[in-house]
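Peer 1: Below is the structure I would like to discuss, written out as structure tokens.
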Amino acid sequence: MILDLNYEEICEYVKNLGQPAYRAKQLYEALTLGKTLEEVTNLPKDFKEKIAKDYPEYEVVASLESRDGTRKVALKFPDGSIVESVLLKYKYGNTVCVSTQVGCRMGCKFCASTIGGLKRNLTPGEILAQVIYFNKVFGGTLKERKVTNVVLMGCGEPLDNYENVTKFLRLVSAEQGLNISQRNISLSTCGLVPNIYKLADGGFSVTLTISLHAPNDEMRKTIMPVANAYRIEEILKACRYYFEKTGRRICFEYSLIEGFNDTDKAISELATLLKGLPCHINLIPLNSVKEKHLSGTPRKNAYKIAEKLTQMGLSATIRRTMGEDIEGACGQLRNRIGGENDQ
Ligand code: SAH
């Protein structure tokens with residue numbers, strides 16, 4: 001699939017097909033704008049026929065719009081895999097939340113993405129297609145793109161698909177492409193420590209977000225199996241390294257689960273844990289997932305928790321819950337419309 005290729009690789013591809021160099025620019029533009037092959041009018045017919053088998057192809061199998069303007073789509077790739085992507089509208093621009101894998105093998109107890117396990121990794125182009133799709137829907141052009149920010153917070157664990165995800169980061173931030181600054185991209189991970197170091201050493205400048213969800217290893221192990229592989233202390237050490245390398249403040253996701261991690265004791269422990277680390281805490285009352293039996297902290301308590309953390313000297317805000325009426329939480333839409341069971 002040629003959306004997996006960067007500009008230099010497209011040039012090579014075009015050259016190998018015996019076409020003049022300027023065709024590469026035309027093809028790359030068409031791909032970046034998300035044109036279907038039928039919509040491409042400036043390439044010769046025989047060339048289009050030759051590239052048809054490599055041209056990106058997907059079908060929109062569901063599209064939902066929330067009262068707050070959040071849009072969610074399920075895209076189906078030729079092998080039948082379904083991924084979901086969300087567009088969130090903020091005052092400062094549009095953010096696309098992309099999936100990085102079909103399913104997930106991390107097994108977090110509260111997350112719908114893990115229900116059928118991991119089916120496969122997405123390729124760099126399949127991740128990019130999700131951003132390009134929304135840019136196209138909103139009428140983006142090369143001069144004026146309509147997507148300003150990207151978060152890797154859909155289905156899948158980005159650092160469990162390291163090579164493809166990092167190539168995607170390069171593609172989406174490429175000057176000739178959508179040119180979205182890596183500073184406007186957040187990569188969220190449950191904490192695969194070795195790959196946090198790799199990312200830091202790889203020269204990336206994305207915001208690193210850690211899904212923490214518990215103030216100590218013992219509690220974390222009960223909801224996140226990955227906690228058996230990496231201790232919080234090791235994750236925080238890797239975060240410090242990432243901060244030293246990139247100068248980027250670390251983000252921590254803390255989904256508030258009623259009666260579990262929202263108690264005074266848990267919150268004080270969280271504050272002690274993160275004190276001194278240049279970071280921001282994103283609190284979000286857990287989105288309840290039908291198949292999982294956990295409930296979110298009531299919103300007014302969540303506000304009190306944010307206040308408490310702020311008083312203790314930390315930077316903490318409550319993430320706006322968006323798109324709840326369209327099953328905004330990871331994996332929910334895909335599971336409802338069939339996901340891996342549909343073939
Ligand atoms: N695998 C990556 C990214 C995907 S999930 C990670 O773990 O960070 C994006 C965020 O949504 C994570 O913080 C995840 O823990 C959280 N999440 C998953 N299910 C949720 C739910 N039901 N309610 C609230 N947050 C949830």
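Peer 1: On the principal axes of its Cα set, how long, how wide and how thick is the chain? Give whole Å, largest value first.
Peer 2: 68, 41, 37
Peer 1: Another question about this same structure. Of Ile232, Tyr55, Gly107, whose Cα points farthest to the positive end of the dipole of the chain (charges on the beta-carbon: +1 Lys, Arg; -1 Asp, Glu; origin at the Cα centre)?
Peer 2: Ile232
Peer 1: If you wrap segment 1-69's Cα atoms in a convex hull and average its projection over all directions, what's the area in nm²?
Peer 2: Hull-based average projected area comes out at 5.9 nm².
Peer 1: Could you size up the charge dipole of segment 143-198 around its Cα centre, putting +1 on the beta carbon of Lys and Arg and -1 on that of Asp and Glu, and report it in debye to the nearest 20?
Peer 2: Around 240 debye, computed over segment 143-198.
Peer 1: Same structure, new question: How long are the three semi-axes of the equivalent ellipsoid for segment 160-244, computed from the Cα gyration tensor as the root of 5 times each eigenvalue, in whole Å, largest first?
Peer 2: Ellipsoid semi-axes (Å, largest first): 27, 12, 11.
Peer 1: Another question, then. Can you compute the equivalent ellipsoid semi-axes for segment 233-288, i.e. the square root of 5 times each eigenvalue of the Cα gyration tensor, sorted largest first and rounded to whole Å?
Peer 2: Those come to 24, 13, 9 Å.
Peer 1: Treating only the Cβ of Lys, Arg, Asp and Glu as charged (+1, +1, -1, -1), what charge dipole size does the chain show about its Cα centre? Round to the nearest 20 debye.
Peer 2: 760
Peer 1: Quick one: of the DSSP bridges fully inside the chain, what percent are antiparallel, nearest 5?
Peer 2: 50
Peer 1: For segment 264-316 and segment 68-100, write down the distance between their C-alpha centroids in whole Å.
Peer 2: About 26 Å separates the Cα centre of segment 264-316 from the one of segment 68-100.
Peer 1: For the chain, find the longest principal axis of its Cα atoms and tell me its angle to the long axis of helix 7-16, 0 to 90°, nearest 10.
Peer 2: Tilt of helix 7-16: around 30 degrees.
Peer 1: If you build the Cα gyration tensor of segment 1-133 and take the root of 5 times each eigenvalue, what three semi-axes come out, in whole angstrom, biggest first?
Peer 2: 31, 18, 13
Computed from the coordinates by the stated procedures, all read-outs in this text should not be read as laboratory data. Quick caveat, the model's predicted, so the values are computed rather than measured. A quick note on method: Cβ atoms are made from the backbone with ideal geometry, for glycine too, and the neighbour counts reach across all protein chains shown.
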